[in-house]
Amino acid sequence: MIGISAQLSLYPIGQADLAPAIQAVLDTLQDYGLEYEVGTMSTTTWGDDETLFAALREAFTRAIEHGPAVLSVTISNACPMPVATRGQEASDE
């Protein structure tokens, strides 16, 4: 397992209320035990690759239960993670 971070943006398409689809993504990240930071246009999350990829798949599945959507994701093993998390990743290896 490697530590990675991801920046994701969900774009619900043709939905009058955007909140349920977006909340479904955030709830999924929380269900998988991932920490995340919500920004104005995207959410950043981090964790081990297996957990994060599984969470992203589930998050998209849950989001599209509310209607059509686009999920844009950027994944990196080089972008900064919070200091406490980076130290934990290093000690886990």
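The values are calculated or read from the model by the stated rules, or taken from the named source; none is laboratory data. This is a predicted model, so every value here is computed, not measured. When we count neighbours, we look across all protein chains shown, and the Cβ atoms used for this are built from the backbone with ideal geometry, even at glycine.
Considering only residues that are assigned to a strand (DSSP E or B) and either without any contact (Cβ under 8 Å) to a residue 12 or more places away in the chain or among the polar types (S, T, N, Q) (or both), look in the range 8-39 and name the one that is nearest to PRO68 (Cα to Cα). Reasoning before the result, please.
Here is the first cut: in the range 8-39, the residues assigned to a strand (DSSP E or B) are 8-12, 35-38.
Pick out the ones that are also either without any contact (Cβ under 8 Å) to a residue 12 or more places away in the chain or among the polar types (S, T, N, Q) (or both) and you get 9, 36-37.
On the way: SER9: 14, TYR36: 24, GLU37: 24 Å.
For the range 8-39, the residue satisfying everything is SER9.
Please identify the pairs in which a residue from the range 56-81 that is in contact (Cβ under 8 Å) with a residue 60 or more places away in the chain has its Cβ atom under 6 Å from the Cβ atom of a residue that is in a helix (DSSP H, G or I), counting only partners at least 6 apart or on another chain.
Pairs found: LEU71/PHE60.
Just checking, which of VAL25, VAL38 is surrounded by 14 or more Cβ atoms within 10 Å (Cβ to Cβ) and either modelled with pLDDT of 95 or more or in contact with a Leu (Cβ under 8 Å, 6 or more places away or on another chain) (or both)?
VAL25
Go through (1) more than 19 Å from MET81 (Cα to Cα); (2) loosely packed, with under 14 Cβ neighbours inside 10 Å; (3) touching a residue at least 40 places away in the same chain (Cβ under 8 Å) one by one and return the number of the condition GLU50 breaks.
(1)
When you go through (1) surrounded by 15 or more Cβ atoms within 10 Å (Cβ to Cβ); (2) in a strand (DSSP E or B); (3) of a type outside the set (Ser, Thr, Tyr) one by one for ALA63, which number turns out not to apply?
With respect to (1) surrounded by 15 or more Cβ atoms within 10 Å (Cβ to Cβ); (2) in a strand (DSSP E or B); (3) of a type outside the set (Ser, Thr, Tyr), ALA63 is out only on (2).
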